[in-house]
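The values are calculated or read from the model by the stated rules, or taken from the named source; none is laboratory data. Computed from a predicted model, the values in this text were never measured in an experiment. Glycine gets a Cβ as well: all are built from the backbone with ideal geometry, and neighbour counts include every protein chain shown.
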Amino acid sequence: MTDRPPNPRFSRRDGPPRGKPRPVGLRRDGARDGDGPVILYGWHTVTAALANPQRKFRKLWLTENAARRLAEEHIDTRIAPEIVRPSEIDRRLGPDAVHQGLLAEADPLETPRIDTLPQHGIVLVLDQITDPHNVGAILRSAAAFAVQAIVTTARHSPEATGVLAKSASGALELVPLVLVQNLARALTELNERGFLTVGLDSEGDDDLAAVELRQPLALVLGAEGKGLRQLTRQTCATVARLDMPGEIKSLNVSNAAALALYIGASRLDLMGRR
């Protein structure tokens with residue numbers, strides 16, 4: 001991920017550049033189609049999906065080298081793959097996609113409801129973070145810190161496919177995504193279920209490291225540039241900042257998520273637990 005200019009509320013990236021194809025499964029109004037296929041490519045992304053019994057595959061394209069490597073590592077493809085040249089996958093994905101000879105179409109994973117989330121550990125809540133690279137990187141950190149789920153809106157968030165799935169590097173199969181229609185109502189439900197909801201913002205009253213944290217914990221991150229929306233801030237039990245000793249006081253949102261998760265997991269004595 002490239003460095004971004006510093007900004008007190010992170011630096012904004014609002015999705016794919018103009019002129020690029022829309023993500024599969026996303027209508028122009030931002031709502032989910034629901035029945036579109038998920039596009040998965042790259043070694044870690046596809047092999048993690050193959051290892052997930054909940055993931056249902058529609059099609060699988062492999063180069064000869066990728067098929068040979070899967071066989072050598074005794075990875076079951078689960079469906080009969082189509083062996084193609086690398087240029088065929090390039091044609092389907094575009095020349096910039098690093099696919100490593102693997103491309104799959106699969107059904108979306110089921111999304112759990114908030115009332116089914118475990119009442120321990122940490123969940124992340126994303127307030128209109130639209131860049132799929134950032135969300136994918138957040139998913140990787142979430143998997144590393146054993147986050148119970150990521151809560152995000154059905155609108156104004158990237159589809160769990162393509163670039164996001166590749167950036168997540170397999171974490172999409174490990175961390176459930178909870179899609180909600182209204183984030184403020186979802187936060188209210190988390191509050192009512194006993195979660196400590198902590199919004200992260202450069203204008204927070206206290207340093208996150210000094211806040212008295214408890215389980216279950218929900219860390220809420222806002223979009224780069226805009227930060228937390230006003231209603232989101234008001235619905236959180238508290239709003240905290242991330243204090244840093246260097247000259248640059250802001251972080252890319254995915255880096256901020258990783259730092260907040262480290263602080264949260266350390267304070268809650270979750271490090272090293274399985």
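Could you list all residues from the stretch 226-264 that are exposed (fewer than 14 other Cβ atoms within 10 Å of the Cβ) and of a type in the set (Gly, Ala, Ser)?
Gly246
Is one or more of the residues making up the stretch 250-265 touching a residue at least 40 places away in the same chain (Cβ under 8 Å), in a loop (DSSP other than H, G, I, E, B) and farther than 24 Å from Pro132 by Cα?
No, the stretch 250-265 has no match at all.
For Arg185, all conditions in the list (1) touching a residue at least 12 places away in the same chain (Cβ under 8 Å); (2) farther than 29 Å from Asp243 by Cβ hold save one; what is the number of the exception?
For Arg185, the exception is condition (1).
How do the pairs read when you match residues in the stretch 106-130 that are more than 30 Å from Ala80 (Cβ to Cβ) with residues anywhere that are of a type in the set (Asp, Glu), using Cβ under 8 Å and keeping only pairs 6 or more apart or on different chains?
Ile114/Glu189; Asp115/Glu189; Ile129/Glu224; Thr130/Asp14
Going through the stretch 183-208 one residue at a time, which ones are out of contact with any strand residue (DSSP E or B) (no Cβ under 8 Å at 6 or more places or on another chain) and of a type in the set (Ser, Thr, Tyr)?
Listed by number, the list holds a single entry, Thr188.
Inside the stretch 81-112, can you point out the residues that are surrounded by fewer than 11 Cβ atoms within 10 Å (Cβ to Cβ) and either of a type in the set (Lys, Arg) or closer than 18 Å to Gln54 by Cα (or both)?
Glu110
So which of Val180, Val239, Val211 ends up being over 22 Å from Ala146 (Cα atoms), in contact with a strand residue (DSSP E or B) (Cβ under 9 Å, 6 or more places away or on another chain) and either modelled with pLDDT of 95 or more or of a type in the set (A, V, I, L, M, F, W, C) (or both)?
Val239
Which residues, taken from the stretch 68-120, are within 12 Å of Val46 (Cβ to Cβ), part of a helix (DSSP H, G or I) and hydrophobic (A, V, I, L, M, F, W, C)?
Residues satisfying the conditions are Leu70, Ile89.
When you check Pro132 against the structure, is it within 26 Å of the chain's Cα centre (by Cα) and in the same structural domain as Ala257 (by TED's automatic domain parsing), yes or no?
When the stated conditions are applied, Pro132 passes them.
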